[in-house]
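Below: the structure, in C-alpha cells.
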Amino acid sequence: MNSEKLCLYASEKSWIEGEALRQLERVAQFAGMIRVAGFPDLHPGKGSPVGAAMLTKDVFYPYLIGSDIGCGMGLFATELSASKGKPEKWSRIVGGLDEPWNGDVRSWLEEHNARPEGFADALGTIGHGNHFAELLRVHEIRDSEKFSRLPLDKSRLILLVHSGSRGLGESILRSHVNRFKDGGLYVGSDDADAYLSRHNNALAWAKANRELIAYRLLAQLKSDYKPLIDLIHNSITPISDGTEHLFLHRKGAAPSDSGPVIVPGSRGALSYLVMPTGDQKANLWSIAHGAGRKWGRAECERRLRERFSADSLRRTKMGNYVICDDKNLLYEEAPQAYKDIDVVIDQMVSFGLISVIASFSPVLTYKVRQLSSRS
C-alpha cells in the first residue's frame, strides 16, 4: 500500500488486520487530508487506526487522535542498581498508583505548565488498558557512541512510564464529538482555537502525570529520578510556514523529529532506544510507538485461558514480575496479545526510518494494584 497520499511502512512480515487497513484508507479520504502514514504496529482503533500519522491542510480532526490526548512515554533515570535490584521484593511492596495522590495537585500542575481542569484525583495514576510503569535494565548497547551522548548509566535501572491525560482528554473529546461527531475544525475558527487550547493543556497535564507516577513509584523504592525523554503519541501539531496551515495528527505514533525515541515491547519482550534517520518527511516525522496489538481485547482470555493461569502471567518468560490484580487485564495485556517488537523494529530499520542505539529488558512492570496503601 503505497501512493502519493497513503503509505504503509510494513511488509508481509507484519501482522496487520484488514480492519486496520480499511480504517487507514477511510482516513485518507477525509477532507483536507494530504498524506497518511501507517507503521508496522498498526492495528484497529475506535474509528481511526492506531499506529498512524496524518497530515491535513486548513482543517484538523480531534476524532482522529481519540480521547487520551497527550498519551505517551516518559523515560526516567533512577538510582537503582541494575545488578542489586530486588524485583521480587519490590513486587510485594510497590502500590498506591491507582489511588489519588495526597500531595498538592495544583502546585504540581503549575510547575509543569498545566492548569487544573478537574480530574485532580487522577493525577499521578496510571490508568488501565495498555498503560504501565516499568523498570528496565540495559540488555545490549548497539551504538556505543550514541549511547554515551545520553545521560544513561548502564549500571542503573531506568523507569518507563506509559500514561496520558486520563479523564481530562476523554472529556475534551466528548465535548467535541457531541457537537461535531467526526467532523473537523477549520483553522482560525473560535471552535478550533478553543479545542487547541484545551488540547495543549491536556498535553502538559499528561506529561505532568507521567512524572508524578515516576516520583510516586520511585519514592517507595527510596530512589530519586531524572527525566530523560518524554514523547507524546496522541496529539495534533499545527505546522505553519506563513502561507499554509498544516496539522500533523499522531494516533499511536511516536514523534521522530526530536531526538532518540523509546519504543516499548510487550511486558515479555525487549524495549528499544532508537534514533530516527533521514529527513523523516515522507513518514510524517513519526515512527511506530510500540509493538501494537495482535489480538482484540475481547478474544485474549478465550485464546489464553487454557494455556496460561493468571498467576503464570505475573512472571514473564524474561523473568520480570508483573503487578496486576485485575485478572481480565492480565489476559488482555498478556505479551502474547501483542506483535513481535523485534519485527516492528526490523521493519523500521529496513525502511530506513531508524537505527538502534540500545535494547532494554523488563525487570518489574506495574499495571494495577487493587489493594494498596497511599503513597
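The values are calculated or read from the model by the stated rules, or taken from the named source; none is laboratory data. Keep in mind that this is a model prediction, so the values were computed, not measured. So basically every Cβ, Gly included, is an ideal-geometry build from the backbone, and we count neighbours across all protein chains shown.
Can you tell me which residue is farthest from the chain's Cα centre (by Cα) among those in the stretch 1-59 that are assigned to a loop (DSSP other than H, G, I, E, B) and among the aliphatic types (A, V, I, L, M)? Write out each step before concluding.
Start the filter on the stretch 1-59 by keeping residues that are assigned to a loop (DSSP other than H, G, I, E, B), which leaves 1, 3-5, 9-17, 28-32, 44-49, 58.
Checking which are among the aliphatic types (A, V, I, L, M) leaves us with 1, 10, 16, 28, 31.
Working: M1: 25, A10: 20, I16: 19, A28: 23, A31: 27 Å.
Selected residue: A31.
Filter the stretch 129-158 down to residues that are loosely packed, with under 15 Cβ neighbours inside 10 Å and not charged (D, E, K, R) and give me whichever is nearest to A77 (Cα to Cα).
The qualifying residue nearest to A77 (Cα to Cα) is P151.
Results for (1) in a strand (DSSP E or B); (2) over 23 Å from the mean Cα position of the chain (by Cα); (3) in contact (Cβ under 8 Å) with a residue 12 or more places away in the chain, shown as yes or no for each residue.
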site	(1), (2), (3)
F147	no, no, yes
P151	no, no, yes
K154	no, yes, yes
L157	yes, no, yes
H162	yes, no, yes
G167	no, no, yes
E170	no, no, yes
N178	no, yes, no
G183	no, yes, yes
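Mind checking which residues of the stretch 30-65 are modelled with pLDDT under 95 and at positive phi?
G47 - this is the single residue of the stretch 30-65 that is modelled with pLDDT under 95 and at positive phi.
Among all residue pairs at least 6 apart or on different chains, which show Cβ distances below 9 Å where the first residue, located in the stretch 207-220, is among the small types (G, A, S) and the second is in a helix (DSSP H, G or I) and surrounded by fewer than 22 Cβ atoms within 10 Å (Cβ to Cβ)?
Between residues of the stretch 207-220 that are among the small types (G, A, S) and residues that are in a helix (DSSP H, G or I) and surrounded by fewer than 22 Cβ atoms within 10 Å (Cβ to Cβ), the close pairs are A208/W108; A208/L109; A208/E111.
Would you check which residues across the stretch 243-273 are among the aromatic types (F, W, Y) and within 15 Å of I345 (Cα to Cα) and list them? Reasoning before the result, please.
Initial filter on the stretch 243-273 (among the aromatic types (F, W, Y)): 247, 272.
Listed by number, the list holds a single entry, Y272.
L109 fails exactly one of the following numbered conditions: (1) touching a helix residue (DSSP H, G or I) at 6+ places or on another chain (Cβ under 6 Å); (2) assigned to a helix (DSSP H, G or I); (3) under 30 Å from N283 (Cα atoms); (4) of a type in the set (A, V, I, L, M). What is the number of that condition?
(3)
With over 17 Å from the mean Cα position of the chain (by Cα), under 23 Å from M54 (Cα atoms) and either small (G, A, S) or not in a loop (DSSP other than H, G, I, E, B) (or both) as the only criterion, which of L218, L203, L231, L246 stands out? First the steps, then the outcome.
Details: L218 fails: under 23 Å from M54 (Cα atoms); L203 fails: over 17 Å from the mean Cα position of the chain (by Cα); L231 fails: over 17 Å from the mean Cα position of the chain (by Cα).
After ruling out the rest, the residue left standing is L246.
Which of (1) free of Cβ contacts under 8 Å to residues at least 24 places away in the same chain; (2) hydroxyl-bearing (S, T, Y); (3) not in a helix (DSSP H, G or I) is the odd one out, the single condition S312 does not satisfy?
Status for S312: all satisfied but (3).
Looking at N113 and the list (1) closer than 24 Å to A337 by Cα; (2) within 22 Å of the chain's Cα centre (by Cα); (3) at pLDDT 95 or above; (4) polar (S, T, N, Q), which single condition is not satisfied?
(1)
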